[in-house]
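Presented below is the structure to which this report refers.
Just so it is clear, none of the values below were taken in a lab; they were calculated from the coordinates. Note that the coordinates shown come from a computational prediction; the quantities given were computed from them, not determined experimentally. Positions of Cβ are generated from backbone atoms using ideal geometry, with glycine treated the same way; all protein chains shown enter the neighbour counts.
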Amino acid sequence: MLLWREKIPDDWLPKVLSDLPAVLVDHAHLERKAATSALNLEKYRDLFPRVSELNAIAIEELQHFELVLGLLKKRGIPFGQPFPSPWITGLMRGLRNGTRQQVIDHLIVCSLIEGRSCEKFQILGRELETRDPELAKFYASLVESEGNHYATYILMARDIDDAETDRRLAYFLDVDAKLIRDPNPLPMLH
Ligand SMILES: [Fe+2]
Ligand SMILES: [Fe+2]
């Protein structure tokens, strides 16, 4: 896994545990957006040869979305409005224009989102074990898949330009480190 330059702030876990229904709604939207992102990456010429792999990721994310919707239904939680994530918005703001530059930046940002999700799902899988075993199992079951998405996106970027991927990864890890420290009181994953 990636060497983050900043750890998840200590107040993230208590904040998330304080309102799990809201977190599940946020999570449903996160999976929906992950599916959309995989499809959006298909617009880049450099990724035309990878279109089936991207479709496979989009399908997996839609399956995750359906699983979260199933949990919402079972728990009587309505599927509501998403909170905008300042962390995701901030990362996306770092995308440069120009197709070759943009595809690498976009892949790196998608990769970091998957990587942070993987890390946070791992924490939830562990921390929810006694409080909510069903949810703990669910989060633990997603870790491998999100970890694979993280790795796939970074390898796709490296295939296009390895040195440029290193440079931009360093840049976006700094952006992540700065943004993740910004206080966000809302019960959301990112
Ligand atoms: Fe997912
Ligand atoms: Fe994913």
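See the values below:
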read-out: Filtered trypsin sites (Lys or Arg not before Pro), segment 1-94: DSSP coil and at most 14 other beta carbons within 10 Å; value: ARG5, LYS7, ARG75, ARG93
read-out: Segment 64-98: chymotrypsin sites (Phe, Trp or Tyr not before Pro) falling in loop per DSSP and having at most 16 other Cβ within 10 Å; value: PHE79
read-out: Alpha carbon centroid spacing (whole Å) that separates segment 57-100 from segment 1-27; value: 15
read-out: Using a Förster distance of 35 Å, the FRET efficiency for GLU6-VAL51 (Cβ separation, nearest 0.05); value: 0.55
read-out: Distance between modelled label sites at ARG131 and GLN81, nm, 7 Å Cα→Cβ extension; value: 2.6
read-out: Zone residues, segment 80-108, relative to ARG167, backbone N less than 11 Å from point 7 Å out along Cα-to-Cβ; value: 101
read-out: Cα-based convex hull volume of segment 1-129 per residue, rounded to whole Å³; value: 126
read-out: Residue range of the chain that is longest and free of GluC sites (Glu not before Pro) which are both DSSP loop and sparsely packed (at most 16 other C-beta within 10 Å); value: 7-128
